[in-house]
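Read the structure below first, then the notes.
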Amino acid sequence: MSHDPNCIFCKIVAGQIPSKKVFEDEDVLAFHDINPWAPVHLLVIPKRHIASMADVTDAEAALLGKMVALGPKLMKDLGVTNGFRHVINTGPDGGQEVYHLHLHVMGGPRPWLKG
Ligand code: 5GP
Ligand code: ZN
């Protein structure tokens, strides 16, 4: 399925729910997390609905590479100069809450980082 009408991130891609977008091309969208865990907390998502990393195949390798490589560029654009982390939560035990694949990219001054 390329668009799931019940999926909150598909609704963001379609513009049905507002978001603070920082980057968009034909394949991916990046926007600020609504409930940030860090001074700068972005979500990078594929525009096409993929539920989680558990659904990724070799066919998505280039797409995932693009998502991961976008992180450093966006952090630089947003003035994060001292480091950041990439996180992908997968499945219930991985802490995934939204079942549309998303990469968290979090940066900014470090006191927020625990564990
Ligand atoms: P997960 O736990 O699935 O890895 O993370 C889901 C993330 O999506 C959370 O950090 C949460 O704050 C964020 N999120 C959930 N709903 C929305 C929304 O409607 N807009 C935005 N910008 N972020 C959302
Ligand atoms: Zn979706």
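Points to keep in mind about this one:
- Residues of the range 1-38 that turn out to be small (G, A, S) and over 21 Å from Q96 (Cβ atoms), as a count: 2
- Condition broken by A51, with the remaining ones in (1) within 16 Å of ligand 2 (Cβ to nearest atom); (2) in a loop (DSSP other than H, G, I, E, B); (3) touching a Gly at 6+ places or on another chain (Cβ under 9 Å); (4) among the aliphatic types (A, V, I, L, M) satisfied: (3)
- Test: residue in the range 91-99 that is acidic (D, E), surrounded by fewer than 18 Cβ atoms within 10 Å (Cβ to Cβ) and part of a loop (DSSP other than H, G, I, E, B): yes
- Across the range 1-26, the qualifying residues are those that are exposed (fewer than 14 other Cβ atoms within 10 Å of the Cβ) and within 13 Å of M67 (Cβ to Cβ), and the one among them that is nearest to ligand 1 (Cβ to nearest atom) is E24.
- With respect to the conditions (1) closer than 24 Å to R110 by Cα; (2) within 16 Å of ligand 2 (Cβ to nearest atom); (3) not in a helix (DSSP H, G or I), M67 lacks only one, and its number is (3).
- Near pairs, Cβ below 8 angstrom, 6+ apart or cross-chain, from the range 9-35 (farther than 16 Å from I88 by Cα) to any residue that is of a type in the set (F, W, Y): I12/F31; S19/F31; K20/F31; K21/F31; V22/F31
Only the coordinates and a few stated rules stand behind these numbers; no lab work does. Note that the structure is a prediction, hence the values are computed from the model and not measured. Methodologically, a virtual Cβ is constructed for each residue, glycine included, from the backbone with ideal geometry; neighbour enumeration extends over all protein chains shown.
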